Amino acid sequence: MLSRSQRRSTVKVSVDEKQCQGHGLCFMTAPEVFGLRDEDGHSYVLPDGNAPEHEVAAKAGAAACPERAISVD
């Protein structure tokens, strides 16, 4: 188990808007992390998507992206 000082306060999740093609697989995999824009269906990270408790979901959403447009650090 990680100590308090070793735990992350946030996770850095980002979507490369130029690579995203709007497949929506990240959203279907991790709706607590990703949203889809109404105008083009491209994904974005929700305001609470960088919370540490969403790290596993964010990584699953990134892995589901066929364009590899999502990074999780």
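When LYS59, LYS12 are checked against the criterion of being modelled with pLDDT of 95 or more, open to solvent by 80 Å² or more (accessible area, probe 1.4 Å), under 8 Å from the mean Cα position of the chain (by Cα) and charged (D, E, K, R), LYS59 stands alone in meeting it.
Name the residue that is surrounded by the fewest Cβ atoms within 10 Å (Cβ to Cβ), counting only residues in segment 26-46 that are in contact with a Cys (Cβ under 6 Å, 6 or more places away or on another chain) and of a type in the set (A, V, I, L, M, F, W, C). Only one residue tops the list, namely PHE34.
The values are calculated or read from the model by the stated rules, or taken from the named source; none is laboratory data. Note that the coordinates shown come from a computational prediction; the quantities given were computed from them, not determined experimentally. Cβ sites come from the backbone with ideal geometry, for glycine too, and all protein chains shown count toward neighbours. Ligands, DNA and RNA are excluded from the accessible area calculation, which covers all protein heavy atoms including side chains. Shrake-Rupley method; radii C 1.70, N 1.55, O 1.52, S 1.80 Å.
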